[in-house]
1. Could you list which residues have their amide H under 5 Å from that of residue B:257, counting only those 5 or more apart in sequence or on another chain, with H placed in the peptide plane?
2. In the stretch B:95-238, with Lys and Arg counted as +1 and Asp and Glu as -1 at Cβ, which of these residues, B:186, B:158, B:169, has the Cα nearest the positive end of the dipole, that is, farthest along it?
3. Distances from residue B:34 to the same position in the other copies: list them in nm, one decimal, shortest first, using label points 7 Å from Cα along Cα→Cβ.
4. By the scheme Lys and Arg +1, Asp and Glu -1, what is the net charge of all other residues having a beta-carbon under 12 Å from that of residue B:476?
5. Quick one: Cα centre-to-centre distance for the stretch B:123-160 and the stretch A:207-225, in angstrom?
6. List the residues of the stretch B:181-220 that lose 40 Å² or more of accessible area once all protein chains are present, compared with their chain alone (1.4 Å probe, heavy atoms only, no ligands or nucleic acids).
7. Give, as a single signed number, the net charge of other residues whose beta carbon lies under 12 Å from the beta carbon of residue A:48, with Lys and Arg counted +1 and Asp and Glu -1.
8. Just checking the output field for A:224-230: average partner chain Cβ neighbours within 10 Å of each residue's Cβ?
2 protein chains.
Amino acid sequence: MSAQRNGGGDGARNGNSYEAPKPRAEWLSKRRDQAVRSGDQNFSQMHYARLGAITEEMEYVAGKERLTPELVRDEVAAGRMIIPANINHPELEPMAIGVASCCKINANIGNSAVTSNVDEELKKLHTAVHFGADTVMDLSTGGDIPEIREAILRHSPVPIGTVPIYEAISRVKRIEDLTPEIYLEVVEEQASQGVDYMTVHAGVLIQYLPMVSKRITGIVSRGGAILAQWMAHHHKQNFLYEHFDDISKIMTKYDVSYSLGDGLRPGCIADASDEAQFAELATLGELTKYAWERDVQVMIEGPGHVPMDKIREQVDKEVELCYGAPFYTLGPLVTDIAPGYDHITSAIGAAMIGWHGASMLCYVTPKEHLGLPNDKDVKDGIIAYKIAAHAADVARHRPGARDRDDAISYARYTFDWNKQFELSLDPETARSMHDETLPDDYYKEAGFCSMCGPKFCSMNYSSKVDEFNKRVHGLEKKDLTPLMEENLVKLGRTAS
Amino acid sequence: MSAQRNGGGDGARNGNSYEAPKPRAEWLSKRRDQAVRSGDQNFSQMHYARLGAITEEMEYVAGKERLTPELVRDEVAAGRMIIPANINHPELEPMAIGVASCCKINANIGNSAVTSNVDEELKKLHTAVHFGADTVMDLSTGGDIPEIREAILRHSPVPIGTVPIYEAISRVKRIEDLTPEIYLEVVEEQASQGVDYMTVHAGVLIQYLPMVSKRITGIVSRGGAILAQWMAHHHKQNFLYEHFDDISKIMTKYDVSYSLGDGLRPGCIADASDEAQFAELATLGELTKYAWERDVQVMIEGPGHVPMDKIREQVDKEVELCYGAPFYTLGPLVTDIAPGYDHITSAIGAAMIGWHGASMLCYVTPKEHLGLPNDKDVKDGIIAYKIAAHAADVARHRPGARDRDDAISYARYTFDWNKQFELSLDPETARSMHDETLPDDYYKEAGFCSMCGPKFCSMNYSSKVDEFNKRVHGLEKKDLTPLMEENLVKLGRTAS
């Protein structure tokens, strides 16, 4: 079922000839039959949780997260955890986003009007899932948007998110021609295809627009800027806010989760934590309550660009204003001066905000601010965010989070190079860097590397201190071989 | 004078044919004459500061840091700031390391017995200085160590640090053959060549060795491991601790600053903040006091590998136990699982520890744990650390730290692509990434990029919201053109 994750299968790469497994097919058909009998057409996980039921998705998630199914159910019922799982996405392996579970990462893919196509996007999906993206957003804005999305959904074992206003815009000539009807039509179509969560910028209200005039970079969210322009043209309130009930109805029907968009997120560190940002956040809290009354699952999107000293405040405000709904942040970047390296500037902020309690981190690639990411950029972004999310899990002391660190450290100390590579986030890269100076097999068991050479290897000397401690003080070092083996098994890897 | 910094000169690359400028030559000859007259042979900046004098170095540093010369003098006198400036390094452009000044970064270069030579190391020096290393450590352990160091010193406008025990080891057959005499001979030779600061692992005491038996990775500092093995063999106390007075005498004679080494730093996150680490840190505090009594400048080396939740404690302990001597940390890495990407795992920890008050961050390259870094690795390490140090300056609200962020953000908002590139840490990379999809000159003024295309550019829409705010609410956006220009001038760059 998880072949694509472990790199064995290459379903996404094979395009339509490959049929992805459908682990949820049976559960869903059973659930539909039940709905016909009961007449209850609300399929949301939150709805079931609040009725006290433990769905197969909750059970599956509990197993993966080492939590009890009851805890998962209770967190979903309380709104602190979501399981984005559209009933029309049987290919999905369920996962959870919430502070009680491990920190997740999202990878944005999708083409733009300027570049890319279906095959390239499927390749990016494969890369993203292979290197560990927990969800993927298809942000396509050009070409045949529904076709690209269909291909992605039918090949994706991870939840797929979208921003429906992008497709809505593609159906009109000018932004001001956009109507609630067109938008709702797009949402319904995407939901029936199987999209698991949707970004809806319903919190950008017309009264907040003057607040952005003090900013350096104004409005940087594409959805936020589209709606702002629409409101400025019509002098009318945001139609997503006005029609939130209509949208919510579609959400319950397919169990699409809301990802309430931060249309007024800061686009540079000078604009962070300003009046506009927090005014919108308060509205997102109001909408969260409204959605929860209808048992719709919700997460809240967050920034963006935030200096380190203001990161903790972002989480505290979100928890306070949005009642603990899972926080899903984009980075944040902690400085604006490094275009070309924004996977790094933002991994710093992402790790910190994950530590403070954000539930999912949306990656940023090196290409941010400069162009559409290619396959290599997707990989670089994912690895940086796997690092950030894992560091957050370790700092929050999530159960077992440090095991892999301890296992790889032991492999390092015992000069088991092959195990060190296989326990790493990217074995191929680690191995090739070692090969650069010491390619022979012999060196994969050597008690040194080219950094220090044999005469200067501290770990090599250190083993003599271990002998001293044993002989003189009777102190023995702990053998962590079983931990190494256990972690290799968990990763489905062998170190030959 | 600063040609090498701005990339115009390529002195380091040209080897010995190029003669570097000597900005300090006159100051130093005057100072030597004075010493002959007074008989006072202590040349340390701390010594002058405590006598109430403001040296040319202090004056120079004050100008660069936008501080008053009096403040610089007082900080140096108090030991909270050091100006590593050997009197035999006239090529140096003075700089300061301390919590009152901007956060600095160090790049390690140097060969190993397995690989690299003089030319390659000079190339790395050039790369390091060009991309903004504030100091460089020559950690050579193979080949003709004094020759490599001489070449580096004579071409370096930044302070050069070394770890003398590496060269001492190269002069004996076995570690146990090492004697205090050999070590002092090496220190004297290196000091007379012009080395500005030296790592001395005088805090690894024999009674601390049993404490490492609980660790996963034992002792990972090369110097620490060498001394531990020496002590284990002889059952004697660390001779650097025993001979600290002799070493300090050489330090005052040439004004070499101590970088008190953390021989027991943790080598994995499981080992962070343990008994061994903090026992050594307390000894480093004791040695700091001793050095300060002799007016020797001191900074304290720190870890290493530390999970995010323990980073702040590292700074607090150092300030408490070492009386506020500048803290100079290696990363720290916040997880162990990403060999090949440790510039990122460590930039996260470095940014955080810099924010909490570390004064200098020693870079880690992608090659860490795998091999000796090459020129590309040096560049990648430097950029990651420029990001970390700058983010720290911004988070600490150091005066003017955010100016460059604001300038580049304004360039971004106004679609001035060339200015955005030139205001970035690595203009060449930023430009080439933009060129990848939109190479034509036309696009360097276009109101969009390939990420979103013309129809989906938020910044483009946002300008229409600005018009709305002006028309309807009478609110005007601030023009930051002068800030952009000012920052370009400061960087010595033009955006054509």
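The values are calculated or read from the model by the stated rules, or taken from the named source; none is laboratory data. Model, not experiment: these values are computed from the prediction. Heads up, the Cβs are rebuilt from the backbone with ideal geometry, glycines too, and the neighbour counts pull from every protein chain shown. To get the accessible areas, we keep the full protein, side chains included, count just its heavy atoms, and leave off ligands, DNA and RNA. Shrake-Rupley method; radii C 1.70, N 1.55, O 1.52, S 1.80 Å.
1. Amide H neighbours of residue B:257, under 5 Å, 5+ apart: B:85, B:197, B:198.
2. Most positive-ward Cα: B:169.
3. 8.6
4. Details: positive: A:214, B:470, B:471, B:477, B:478; negative: B:466, B:467, B:479.
That works out to +2.
5. So the separation of the two Cα centres works out to 47 Å.
6. Buried by 40 Å² or more upon assembly, which counts only protein chains, are B:210, B:213, B:216, B:217, B:219.
7. Values: positive: A:31, A:50, A:73; negative: A:40, A:56, A:57, A:59, A:255, A:295.
Overall, the nearby charge balance is -3.
8. On the way: counts 4, 11, 4, 1, 7, 9, 1.
That average works out to 5.
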